[in-house]
Structures are given as structure tokens and as C-alpha cells.
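The values are calculated or read from the model by the stated rules, or taken from the named source; none is laboratory data. Computed from a predicted model, the values in this text were never measured in an experiment. Glycine gets a Cβ as well: all are built from the backbone with ideal geometry, and neighbour counts include every protein chain shown.
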Amino acid sequence: MGAIAALAAIALPASATAAAPARAPARTATLSNETTHTTWTLANYRAQIHSQPSTHSHAITRLLIGTPDGLGLQTYLLLSEQSNSSGTWVKLRIPGRPNGRVGWVRRGALLGFQVVHTEIVVNRAARLLTLYRDGAKVFTAPVGVGKPSTPTPAGHFWITEAFASTDPFYGPYAFGTTDYSTLSEWPGGGVVGLHGTNEPQLIPGDPSHGCIRLRNSDILRLKKLVPIGTPVWVQ
């Protein structure tokens, strides 16, 4: 009987003799609602962006340090943060073609988090830009958007750079967004900008190759109201 008992013990599955240690559930925290509270940051290094919060998932692309047009540092809009068995991960929006991608990077690949409370909404049908702060409307202006053959792409984007312009075509000031137009051969890769114009008579309207044009007086007012990282919802 002793030998039979010993053989039975050897054949018995390990799971039946000892319970596997429980895996701690993943904890997720929201970082942005993209209306009244939006978190953004810069890349610490050119880490891989994954499709899931795991190094075993598909690598979509890598973080960028600078913007494609070379005019500033590439910012990232952060959606949520998750801690799991492999560490802490951040879900973010990915700038670049195709528009609308999201992915996950390790927290250590990003620098310190910044928060803004503004939102820009561009209504293409109404040719109208509205700026909100903490959900309250603080500024509106008519705009020019992309013509039917080169429309301004719709979606959720953000302000990634801002700079004074010396080219009258762009007016006195411009904001770079993470929206990419249908013209990939356009200088800078086809980034959709919010900028002034030397043709104010075309606003409101659809005169552009995809960019969002404002009258010069309006872009100068917007300059004082819009911080980097402000989400841009193109409807």
C-alpha cells in the first residue's frame, strides 16, 4: 500500500496539491478626458510604443524626440496609466500617419507630466473654432478649412508646438497640431497647422490644403490663450 500511495502522489497534478499564487489585478487610472483635464509630456528616449501594456505585444513605432518639421519637441497626449505584473505603462495618442493611432509605453520612457484645462473644437461645417477652458466657452472665431479635394481630417489631436511666423502666408503666428493632412508631400510632412493668413477675405470658407486658417487678429488672441498640449477636436 505504501508503494501505491507514493505512485499516486507522484501522478497527482501539482495544481491539485498547491494553489498557484494569485496574480495582482491591473490597476488603471485615467490621465485625460480631453475636455477639462488633459495630461501631456515629452519623450525621455526613443522607446518602442506597443499595442498593449506588455513588451510581448506588437511594436507599433517608436517615440520621437523632435517634431517632423524640426520646429520643436514632440509632445504626447496621455490617456491612461496602468500598473500590472510587468510594471507601469502609459496609454498615449500617437502623432503621425495614419491619424488616430494609440499605443502603450513604459512610464520611464516619458518625462514629467503636465496638465492643461483647455480644449479647441473646430466645426468644419460651421467654419468655426471654439476654445473652452474648464468646459466654459472663452473664445470663438471663424476659420478657413481644407477644400473638398484636400479636406482637414477629422478626429482627436492636440497642439504640439507654437511659434512666430515671418511668412505672410501663415500670418504672424502658428500652432502645429498632430493632425496630418492628405498631402504627405507637403513641407514638414503635411502637418495641419492653425495659423494666420494674408487672405482674410477667404475666412470663413474652405480655401486651404488642410490647415485651419484664422484672421491675424484672432490668431494673436489665441496665442495668449492656448498652451501646448491643448486637445484639438476637429468635427
Does any residue in region 113-132 that is touching a residue at least 60 places away in the same chain (Cβ under 8 Å) and assigned by TED's automatic domain parsing to the domain that holds V143 come within less than 6 Å, Cβ to Cβ, of a residue that is surrounded by 17 or more Cβ atoms within 10 Å (Cβ to Cβ) and acidic (D, E) six or more places away or on a different chain, and which pairs are these? Y132/E119
If we keep just the residues of region 31-60 that are hydroxyl-bearing (S, T, Y) and either touching a residue at least 60 places away in the same chain (Cβ under 8 Å) or at positive phi (or both), which is surrounded by the fewest Cβ atoms within 10 Å (Cβ to Cβ)? Y45
Cross-chain or 6+ apart pairs with Cβ under 6 Å, region 199-214 first and closer than 23 Å to T178 by Cα and assigned by TED's automatic domain parsing to the domain that holds F157, then buried (at least 20 other Cβ atoms within 10 Å of the Cβ) and polar (S, T, N, Q): G210/T152; G210/S181; R213/T197
Positions within region 75-125 being of a type in the set (G, A, S) and either touching a strand residue (DSSP E or B) at 6+ places or on another chain (Cβ under 9 Å) or modelled with pLDDT under 95 (or both), in sequence order: S80, S83, S85, S86, G87, G96, G100, G103, G108, A109, G112
Suppose we filter region 160-186 for residues that are within 10 Å of the chain's Cα centre (by Cα) and closer than 13 Å to C211 by Cα; how many remain? 3
Just to verify a result, which residue in region 101-130, among those that are of a type outside the set (A, V, I, L, M, F, W, C), within 19 Å of L194 (Cβ to Cβ) and part of a strand (DSSP E or B), is nearest to the chain's Cα centre (by Cα)? E119
So G103 clears everything in (1) surrounded by 15 or more Cβ atoms within 10 Å (Cβ to Cβ); (2) outside the structural domain of N44 (by TED's automatic domain parsing); (3) within 19 Å of P231 (Cβ to Cβ) except one condition, right? Which one? (2)
Within region 62-85, restricting attention to residues that are over 13 Å from G108 (Cα atoms) and among the hydroxyl-bearing types (S, T, Y), which residue is surrounded by the most Cβ atoms within 10 Å (Cβ to Cβ)? Y76
Need at least 3 residues that are among the polar types (S, T, N, Q) per element, so show me which strands (runs of 3 or more DSSP E) inside region 25-70 make the cut, counting only ones lying wholly within it. 38-42
